[in-house]
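Below: one structure, written as structure tokens.
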Amino acid sequence: MSSIQKKICLLGNFAVGKTSLVRRFIEGVFEDRYLSTIGVRVSRKVLTVRGIPLTLLVWDLAGEEKFVQVAHSYYRGAAGAILVCDLTRADTFPSLKDHAQAFWSVNPHTPVAVVGNKVDLLEQRVIADEELAGIAAQLDAFWLTSSAKTGENVQGLFEQLGERLLDQQNT
């Protein structure tokens, strides 16, 4: 059976954990030191979804303001996106909708996932599950919380998005 290849973009504000999520998913590692992405970093991993090999090309886009203007060119050809906020920083939540709208301006009707990262920092958490569920409902997205540090829900995030990508391909 031939492999299906899909491009997905990770979107979110500066320092929400996009690169850490990708590194945990691709390499199974986490580093405490902050690694700022400049522009875009592309990684690749093959998942098996419903018995089908699915190659994900994961585009980790910089969250800094100066890169937002060029982000549209990176969105081209993407089949889906993961919208990431930091559960310990309320200011990262409102921009999820903006990221989705900018992404959909290039790739309309593509699936997105809403992810509240850093769920392991329980005592610092300021964004509730209800807020994530609300924005996910507005965006017709699935949502979950994750921790790049512990690995919680990281694999499941990409698998669920893979399911949606296959569903979209079959419609």
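When you scan segment 71-79, do you find a residue that is farther than 18 Å from Ile8 by Cα and either of a type in the set (Gly, Ala, Ser) or modelled with pLDDT under 95 (or both), even just one?
Quick first cut of segment 71-79, residues farther than 18 Å from Ile8 by Cα only: none.
No - not one qualifying residue is present in segment 71-79.
Quick one: how many residues across segment 94-147 are more than 22 Å from Gln169 (Cβ to Cβ), of a type in the set (Gly, Ala, Ser), within 15 Å of the chain's Cα centre (by Cα) and in a helix (DSSP H, G or I)? Count: 2. Looking only at residues that are in a loop (DSSP other than H, G, I, E, B) and buried (at least 16 other Cβ atoms within 10 Å of the Cβ) in segment 16-59, which one is modelled with the lowest pLDDT? Across segment 16-59, the extreme among qualifying residues is Thr37.
Of all residues in segment 148-171, those being open to solvent by less than 60 Å² (accessible area, probe 1.4 Å) and either free of Cβ contacts under 8 Å to residues at least 40 places away in the same chain or touching a helix residue (DSSP H, G or I) at 6+ places or on another chain (Cβ under 6 Å) (or both) number 5. Residue check: Thr145 meets all listed conditions (1) modelled with pLDDT of 95 or more; (2) loosely packed, with under 14 Cβ neighbours inside 10 Å but one, namely (2).
Take Gly156 and tell me if it is under 16 Å from Val22 (Cβ atoms), assigned to a loop (DSSP other than H, G, I, E, B) and out of contact with any strand residue (DSSP E or B) (no Cβ under 6 Å at 6 or more places or on another chain).
Working: under 16 Å from Val22 (Cβ atoms): yes; assigned to a loop (DSSP other than H, G, I, E, B): no; out of contact with any strand residue (DSSP E or B) (no Cβ under 6 Å at 6 or more places or on another chain): yes.
Judged against the criteria, Gly156 is not a match.
Collect the residues in segment 122-142 that are open to solvent by less than 60 Å² (accessible area, probe 1.4 Å) and of a type in the set (A, V, I, L, M, F, W, C), keeping them in residue-number order. Give the steps one after another, and end with the answer.
Taking segment 122-142 as the starting set, the residues that turn out to be open to solvent by less than 60 Å² (accessible area, probe 1.4 Å) are 127-128, 132-136, 139, 141-142.
Within segment 122-142, Ile127, Ala128, Leu132, Ala133, Ile135, Ala136, Leu139, Ala141, Phe142 meet the criteria.
The values are calculated or read from the model by the stated rules, or taken from the named source; none is laboratory data. If you're wondering where the values come from, they're calculated on a predicted model, not measured in any experiment. Cβ sites come from the backbone with ideal geometry, for glycine too, and all protein chains shown count toward neighbours. Calculation scope for accessible area: heavy atoms of the full protein, side chains included, ligands and nucleic acids excluded. Shrake-Rupley method; radii C 1.70, N 1.55, O 1.52, S 1.80 Å.
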